[in-house]
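Everything on this sheet refers to the single structure shown next.
The values are calculated or read from the model by the stated rules, or taken from the named source; none is laboratory data. Since this is a predicted model, take the numbers as computed values, not measurements. Here the Cβ is made from the backbone with ideal geometry for all residues, glycine too, and neighbour counts use every protein chain on show. For the accessible areas, the whole protein counts, side chains as well, though only heavy atoms, and no ligand, DNA or RNA atoms are used. Shrake-Rupley method; radii C 1.70, N 1.55, O 1.52, S 1.80 Å.
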Amino acid sequence: MQLEFTAGERAFAKEVEAFFEANLEPRLSEQVRRNPSYVSKEDMRRWQKALYDRGWIAPNWPEEHGGTGWTPTQKFIFEEAYQRHYAPRLSPFGIMMVGPVIYTFGSEAQKAEHLPAILKSDVFWCQGYSEPGSGSDLASLRTRAVQDGDEYVVNGSKIWTSGAHHADWIFALVRTDTEAAKQQQGISFLLIDMTTPGIEVRPIISMDGGHYLNQVFFTDVRVPVSNRVGEENRGWTYAKFLLGNERAGVAGVSKSRMKVERLKEIASVETGTNGGALADDPEFRARLGEVEARLGALEIVNLRTLAAEEKGGGVGPEASILKICGTEIEQALNELLIEAVGVDAIPYSLEWTRLDTNEEPPVADRAVGLMSEHLLKRAATIYGGSNEIQRNIVAKHVLGL
Ligand SMILES: Cc1cc2nc3c(=O)[nH]c(=O)nc-3n(C[C@H](O)[C@H](O)[C@H](O)COP(=O)(O)OP(=O)(O)OC[C@H]3O[C@@H](n4cnc5c(N)ncnc54)[C@H](O)[C@@H]3O)c2cc1C
């Protein structure tokens, strides 16, 4: 196996490095390191526009639609630099999720209207899949869309809608046929402007005290039929295509690598049970070694998936393996980080993770933000489809059980 970069790849890595040095403000990078949730929509837009101007906003899109045409190794180099520089994570709903659905299944008018706006970050999206009572059993969703002339009238509610309070548009799964033989056959995929009358967004506060999630209510919301992606009642096919992309995006290898580095730094100054540095504590070393080994294996699987995608294979059910392993490794690292700083993890305020905070944290700087990250990422094994459901998918569609 070729593990060394070629001269061309090393030159590309330099180019990437120069881009981050020139375009990522240290202030923004520091906010991401402390808590990425406090990156403002405007900072986000500015950063994404810098990537767009360089032609690097959508590495996973085909070149004809604005992708980069990078090899898996180039994507790997870029992603590694992205995490190492603490660049703000792209809002995933446009680039990772609805964009590929639109260029694959959308009408020419939808492509012309939405793809440039997504690439330029002029429009932010959110994902309207889950409903109260329809999460894992998503096909049971009840938000209803009834056609009236050249519009659908939408009634119902979506829940756990990340970023709906910032979003300009929502892509939503709606029921268009209540009589279909199978629940999956009565669902359509709609693109809905969030400023349409009848939409109400109510906040849900997360365990760490932050506002990321919402419940979105639809009351007689009129949506042009031309905003339906693909065929009526075929929405489940498009929904599943999107979920494959969503899961592949959550492997988070480079991000976890950064956590390993941070953990090692902390362990070099914290004290272990034997009175020496935590980094020399045999039990700690064994636990860190185990997570690092799992991360190494995940990295190989991730590269294999990227390579298969490159050959036109698309992201298959194997994406579920990335989702399961990536999120479990991230949670294991978060727990180790908490344990490494010990009691300093306990006093905790989300406010301390804000760059412009007026409060002085009563703990070492290295401990700030670890608890909020730990609490927030408890949800990682739930969102994007819970890991139990991913195991069912792997059993059925990968192992053929
Ligand atoms: C932070 C966060 C952000 C989210 N963002 C969005 C978003 O932007 N848009 C959106 O549409 N949704 C979003 N979700 C919703 C997410 O997709 C659902 O929470 C998830 O699919 C699980 O559904 P549920 O919460 O209804 O749990 P349930 O489906 O009620 O599951 C409860 C438990 O039972 C288990 N379970 C259920 N069925 C099975 C089974 N057949 N076999 C084994 N175990 C099973 C589950 O694994 C879980 O542990 C988000 C969720 C979170 C936590």
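Couple of notes before you dig in:
- Taking the C-alpha atoms only, the angle from helix 235-248 to the longest principal axis of the chain is near 10 degrees.
- Remark: the stretch 249-398 carries 49 Å² of accessible area per residue (probe radius 1.4 Å; ligands, DNA and RNA excluded).
- In nm, spacing of pseudo-spin labels at Thr6 and Ser349 (7 Å Cα→C-beta vector): 5.4 nm
- For the chain, built as a Gaussian network whose Cα springs stay under 10 Å, the top-fluctuating residue of Glu200, Glu265, Glu131: Glu265
- Measuring between alpha carbons in the structure, the pairs from Lys111/Lys396; Lys75/Lys120; Lys158/Lys259; Lys49/Lys255; Lys120/Lys396; Lys49/Lys75 lying more than 28 angstrom apart are Lys111/Lys396; Lys158/Lys259; Lys120/Lys396.
- Tilt relative to the chain, helix 41-54 - C-alpha long axis, 0 to 90 degrees, to 10: 90 degrees
- Cα gyration tensor shape for the stretch 262-401, rounded if a/c is under 1.5, else prolate or oblate: prolate
- Prolate/oblate/rounded label for the stretch 124-234 (Cα gyration tensor, a/c 1.5): oblate
- Between Glu131 and Ile159, the built amide H atoms are under 5 Å apart, and every one of these is 5 or more places off in sequence or on another chain.
- When you filter the trypsin sites (Lys or Arg not before Pro) in the stretch 164-234 for DSSP loop state and at most 12 other Cβ atoms inside 10 Å of their Cβ, you are left with Lys182.
- GNM on the chain, alpha-carbon springs under 10 angstrom: the most fluctuating residue among Arg33, Arg285, Arg378 is Arg285.
- Annotation note: trypsin sites (Lys or Arg not before Pro) in the stretch 294-346 located in DSSP loop regions with a Cβ neighbour count of at most 16 within 10 Å are Lys311.
- Euclidean distance between Cα centres, the stretch 10-31 to the stretch 339-401, Å: 26 Å
- Inverse of mean 1/r across different Cα pairs in the chain, Kirkwood, Å: 22.5 Å
- Once the chain from Thr271 to Ser140 is taken as fully extended at 0.36 nm per residue, the excess over their C-alpha distance is 42.0 nm.
- Tilt relative to the chain, helix 253-269 - C-alpha long axis, 0 to 90 degrees, to 10: 30 degrees
- For the stretch 135-145, putting each phi into the Karplus relation 6.51 cos²θ - 1.76 cosθ + 1.60 with θ = phi - 60° gives couplings of x, 4, 8, 4, 5, 7, 4, 10, 4, 9, 10 Hz, in residue order, rounded to whole numbers and with x for Gly and Pro.
- Extension gain (nm, one decimal) between Lys264 and Ala18, 0.36 nm per residue minus Cα-Cα: 85.9 nm
- Rounded to the nearest 20, the Cβ-based charge dipole of the chain about its Cα centre (Lys and Arg +1, Asp and Glu -1) stands at 580 debye.
- Part-to-part distance (alpha-carbon centres) for the stretch 102-143 and the stretch 76-98, which is given in Å: 19 Å
- Under 5 Å, built H, 5+ apart or other chain: amide partners of Gln147: Val153
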